[in-house]
Amino acid sequence: MSAGSLWGKAARKFARDRLGMLALAVVAGYFLVAVGVWFGWWASGWPDLTGSKWEPVSASHWFGTNVIGQDIFDRAIYSTATAFEVGLVVALAATALGAVLGAFAGFFAGSWIDDLIVWVMGVLDAIPFYLFVAAVAFALAGNDWSMHAAMIATFWVGTGRLIRGEVIKLRGMEYVEAAHSIGVPETTIIFRHILPNTSHILLVQASVMFVGAIKAEVILSFLGLGIKDGMSWGLMIDESTKEVLAGFYNNFLAASVLMFGLVMAFNAVADALQDALDPRKVS
Amino acid sequence: MELLQYSLRKLLGGIPLVIGVTLVSFALMVYFGPDQTYLLLGKNPTPEQILEVRQQLGYDQPFITRYLGFLREIVTLDFGAASTGEPVMDLLAKTMPVSLILILPGFILGHVVGLMMALAAAYWRGRWLDKLIMAIAVVGMSISFLIVIIGFQILLSSSDGLDLFPVRGWNASTFADYLTYVTVPTLATMFVAVGYETRFYRSILVEEMSRDHVRTARAFGLPESRIFVRNILKNCLIPIITRIMFSIPQVAIGGALLIESYFGIPGVGKATYEAIVTGDQPVLKAVVSLTAILFVLVVILTDILYRAVDPRVTLK
């Protein structure tokens, strides 16, 4: 990577953004917590009954216990891994889908391929999000991945539209014309010559969708359409809806505060990325 | 005349979209959706009874026949009766106004407050007030809707908080009742919207404020208020119209779903969610197809509004 490249410049601009760097450090901290959960270093005892009902905060139960005596701290820490799992799976898959379909639509703009993809985007936009997710969840009959599938199926549309617009601009550039004229196959042009030039959009979109997925998970879990097997901040908040009016706030606070920290930091990273990568953005 | 021609052409162009939406929703919600056979049968049904009910529901028909039947119902706006026996159109006529008066105050306030905060931020761009407002906006965007709802409920409706408003439920028989029940949902809706709206309005305002013609107008010594209304706000109308218009279908149905299920308010969102969970097909058909039609109408109306605010736009 040369110092004058877009990425080199962006990296230096990002490094100067103190708020962005701080947010990145926070996200990295959360990620380490999640890695620890995946390797079983901590919080593996989240389903165990280690106390009695609604114990207050103590040295052995840092955030107290829930209604059946499970440790809330362990559950909240374990949920960090779930959040990363949902966020990463949805963001990566939806970005990839949006990139490929958006690029094909843009490259073949005006042909039936473009018409078809734009029609699919319009259809997905016209169905209200939560109805769609609920419908997918019930159509897949409670499959563990139905929530992920539904989010991926709707989230890619925004990225797809952006990439389509960018590719329409890029395909008229001279270097693409040059590739055409020496007989480079069209799929090679799309994947080797055009898509890499949209990666700054993809990076920002992926970070935006990561946040979107974590936030959607909470609401879907409350509606009974979320995580089936495991523990998540959404499930903890859902559990807390029955407790807060009785004056028991530990579940609610633990999940909300941890989730707010990650989402806030990720939002700040996404903003800093956008500032660093988009030369046209006025701030 | 030009307008009429244009609208008709656009309406025809919207047909593929309606077909797509109904096809996807038919496949997901009805064809692969929950099987209602055993809901309608008593305990220990005989195989003949099962067969009879499946025939009534049309489960023995091929996909395309059932889908065409679905389309016929949309064209004639005759969706039959919900599982409670109530005609679907009556159910919608009863629940739609509830959703509207529930969601509208929060929607409008979200836009108004967002616009005010964006104006202040854009006017003092780069100064501490701008930074403070934008920081508040990011904080607002980072809190989950559900957390906001629970938070306001604790603060305003619980015995640990101010205990001013009812915890849940709905009653709009008098204006005073309406106000007590609508306040907490409205505050939550507004709170969630403000972060996004502030960022949106600020970004378009900043873009328009830094245009050359604004600088020129200022150089000619035109009053600030006039520059703002004529040279800045007027040019911002197109993105604003787009944003408001395209949130209408979502606000009318999707947006109310969480609020309505949380507070137990009998609106369209709750009725639809219950219909999905129980597989009440007539309700689903009606809601999804009406949303799709609303979406197409919104697209057409948006284009016509563009024409009204920007003479450079032609209706082709």
Residues satisfying the stated conditions in region A:211-239, i.e. open to solvent by 10 Å² or more (accessible area, probe 1.4 Å), closer than 15 Å to A:Ala83 by Cα and either touching a Lys or Arg at 6+ places or on another chain (Cβ under 9 Å) or assigned to a loop (DSSP other than H, G, I, E, B) (or both):
A:Ile227, A:Lys228, A:Asp229, A:Gly230, A:Met231, A:Leu235
Would you check if A:Asp125 is modelled with pLDDT under 90, more than 10 Å from chain B (Cβ to nearest Cβ) and open to solvent by 40 Å² or more (accessible area, probe 1.4 Å)?
no
For region B:45-144, give me every one of the helices (runs of 4 or more DSSP H) that falls completely inside it and has 1 or more residues that are within 29 Å of A:Trp233 (Cβ to Cβ).
B:88-123, B:128-142
Pull out all pairs, ordered by first then second residue, where Cβ-Cβ is under 6 Å, the residues are six or more apart or on different chains, the first lies in region B:205-222 and is closer than 15 Å to B:Leu119 by Cβ, and the second is surrounded by fewer than 16 Cβ atoms within 10 Å (Cβ to Cβ) and of a type in the set (Gly, Ala, Ser).
none
Matching residues, region A:250-266, being more than 7 Å from every other protein chain (Cβ to nearest Cβ) and not β-branched (Val, Ile, Thr)
A:Asn250, A:Asn251, A:Leu253, A:Ala254, A:Ala255, A:Leu258, A:Gly261, A:Leu262, A:Ala265, A:Phe266
Got at least one residue in region B:156-169 being in contact with a Gly (Cβ under 6 Å, 6 or more places away or on another chain), within 29 Å of A:Val211 (Cβ to Cβ) and outside any loop (DSSP other than H, G, I, E, B)?
no
Exception for A:Ile190 within (1) open to solvent by 10 Å² or more (accessible area, probe 1.4 Å); (2) touching a Phe, Trp or Tyr at 6+ places or on another chain (Cβ under 7 Å); (3) within 19 Å of A:Ala96 (Cα to Cα) falls at (1)
It is to be established whether one or more residues within region B:222-237 are open to solvent by 30 Å² or more (accessible area, probe 1.4 Å) and either within 14 Å of another protein chain (Cβ to nearest Cβ) or modelled with pLDDT of 90 or more (or both).
no
Taking region A:240-249 as the search range and keeping residues that are more than 9 Å from chain B (Cβ to nearest Cβ) and open to solvent by less than 40 Å² (accessible area, probe 1.4 Å), which one is nearest to A:Val136 (Cα to Cα)?
A:Glu243
Does B:Val192 satisfy the condition of being surrounded by fewer than 20 Cβ atoms within 10 Å (Cβ to Cβ), among the aliphatic types (A, V, I, L, M) and part of a helix (DSSP H, G or I)?
no
Kindly indicate the residue of region B:13-65 that is hydroxyl-bearing (Ser, Thr, Tyr) and closer than 30 Å to A:Asp115 by Cα and also modelled with the lowest pLDDT among those meeting that condition.
B:Tyr31
Would you mention how many residues in region A:134-152 are at negative phi and more than 10 Å from chain B (Cβ to nearest Cβ)?
9
Give just the number: which of (1) within 14 Å of chain A (Cβ to nearest Cβ); (2) within 16 Å of the chain's Cα centre (by Cα) does B:Ile276 not satisfy?
(2)
Limited to region A:204-214, what total is found for residues that are within 13 Å of A:His148 (Cα to Cα) and at the interface with another protein chain (Cβ under 9 Å from one of its Cβ atoms)?
1
Tell me whether region B:265-287 contains one or more residues that are open to solvent by 10 Å² or more (accessible area, probe 1.4 Å), in a loop (DSSP other than H, G, I, E, B) and modelled with pLDDT of 80 or more.
yes
Selection count where residues are within 8 Å of chain A (Cβ to nearest Cβ) and of a type in the set (Val, Ile, Thr), scope region B:106-158
6
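The values are calculated or read from the model by the stated rules, or taken from the named source; none is laboratory data. Because the structure is a prediction, the values reported are computed rather than measured. Methodologically, a virtual Cβ is constructed for each residue, glycine included, from the backbone with ideal geometry; neighbour enumeration extends over all protein chains shown. Protein only, heavy atoms only, side chains kept; ligands, DNA and RNA dropped before computing areas. Shrake-Rupley method; radii C 1.70, N 1.55, O 1.52, S 1.80 Å.
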